[in-house]
Amino acid sequence: MTRGRWLSERRADPWIRMAKKEGYPSRAAYKLKHIQRQYSIIGPGDVVVELGAAPGGMLKVASQLVGEKGLVLGVDVRPISCTGENIRHLKIDIYDPLAPREILRLLEGAGCDVLISDASPNLIGVPEIDTLRQLDLVIRCCEIADEVLKDDGNIMLKAFECPELARLDRVLRGCFKNYKRVTTPPSLRKHSSEVYLVGIGRWKAPIAPLLRAAVG
């Protein structure tokens, strides 16, 4: 897709217009809303960590879901525009080896109930490479989850459809009480092969080494 076409579609996107109208920093808010309606991955009072949270669309939805007794922590090297009484920011690259330690520091060592990510690497337009880089990002998110997610916690991670994804499915299915690969409505995906990996009730960890072994 050319940049001109991308900009034209972006200006015409009703979800972007709706996000601006309803005060969400991005249309990603409606992806989390869609998955929450299906699986209720976030509850009142939960502690939620979002990796790659900028600009903050999902973060704002999460803050509404956890309520005043909960907490959401957005992690990103880019600026996060979403603020609130129950929102914290951590400016760090999620590939930084210190990221899990810094997350736990801000959570006072207690860990989180839910870990979500809508992050993508900088895409270069070569599907094979972009897809594999997204898979690596999923595994990195799971590495962080291995250190910061509480037992019985939930995850929601963005991936791209590809043959290798089935290997990750098998591992994740064996590590959570309930696991689903979820698509958002086509009008939200637009030309994208993105899906979300939703795990509810983690009972087995660490997960990341199993994922790395599965994809070779």
*Once phi is turned into θ = phi - 60°, what whole-Hz ³J(HN,Hα) does the Karplus curve with 6.51, -1.76 and 1.60 give for every residue of region 90-98, x standing for Gly and Pro?*
10, 8, 6, 6, 5, 7, 5, x, 7
*Compute the distance in nm between two label points, each set 7 Å from the Cα along the Cα-to-Cβ direction, one at Ser193 and one at Arg170.*
2.0
_Can you give me the C-alpha center-to-center distance between region 53-69 and region 142-158, rounded to a whole angstrom?_
17
*If amide H atoms are built 1.01 Å from N in the plane of the peptide, which residues on other chains or at least 5 residues away come under 5 Å of the amide H of Ala119?*
Lys158
*Taking only C-alpha pairs under 8 Å that are 6+ residues apart, what is the relative contact order of the chain in percent?*
16
_Quick check: convex hull over the Cα atoms of region 95-216, volume per residue in Å³, rounded to an integer?_
107
*Which ³J(HN,Hα) values, rounded to whole Hz and listed in residue order, are derived for region 109-117 from phi using the Karplus coefficients 6.51, -1.76 and 1.60 in 6.51 cos²θ - 1.76 cosθ + 1.60 with θ = phi - 60°, glycine and proline given as x?*
x, 7, x, 10, 8, 9, 10, 10, 7
_Report for the chain the percent antiparallel among DSSP-assigned beta bridges with both residues inside it, nearest 5._
40
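Let me have the 222 nm mean residue ellipticity of the chain computed from DSSP H runs of 4+ only, each contributing -39500 (n - 2.57), with the sum over all residues rounded to the nearest 500. Please list the in-between numbers first.
Values: 9 runs with 92 residues, N = 216.
Result for the chain, helices only: -12500 deg cm²/dmol.
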*Using alpha carbons only: equivalent-ellipsoid semi-axes of region 53-93, gyration tensor based, whole Å*: 17, 9, 7
*Using label points projected 7 Å from each Cα along Cα→Cβ, tell me how many nm separate Gln64 and Arg133, to one decimal.*
3.2
_5 angstrom amide H check on Arg88, placed H, neighbours 5+ away_ = Val72, Leu73, Gly74
*Excluding residues on the same chain fewer than 8 positions from Lys150, give the aspartates and glutamates whose Cα lies under 15 Å from its Cα.*
Asp46, Glu50, Glu108, Asp113
*Electrostatic dipole magnitude of region 3-215 [Cβ: Lys, Arg +1; Asp, Glu -1; Cα centre; debye, to 20]*: 760
_Rounded D (µm²/s) - region 3-215, Kirkwood Rh over Cα pairs, Stokes-Einstein at 20 °C, 1.002 mPa s_ = 124
*Say the cut-off is 22 Å between C-alpha atoms; which of Lys60/Lys177; Lys60/Lys91; Lys31/Lys69; Lys69/Lys204; Lys60/Lys204; Lys33/Lys158 go over it?*
Lys60/Lys177; Lys31/Lys69; Lys69/Lys204; Lys60/Lys204
_If I build a Gaussian network model for the chain, linking alpha-carbon pairs within less than 10 angstrom, which residue out of Arg140, Arg27, Arg167 has the largest mean-square fluctuation?_
Arg167
*asked:* I'd like to know which of Leu51, Pro163, Gly199 lies farthest towards the positive end of the charge dipole of the chain, counting +1 on Cβ of Lys and Arg and -1 on Cβ of Asp and Glu.
replied: Pro163
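Where a number appears in this text, it was derived from the coordinates with a stated rule and is not lab data. These numbers were taken from a predicted model, which means no experiment stands behind them. Counting neighbours? That spans all protein chains shown, and the Cβs are built from the backbone with ideal geometry, glycine included.
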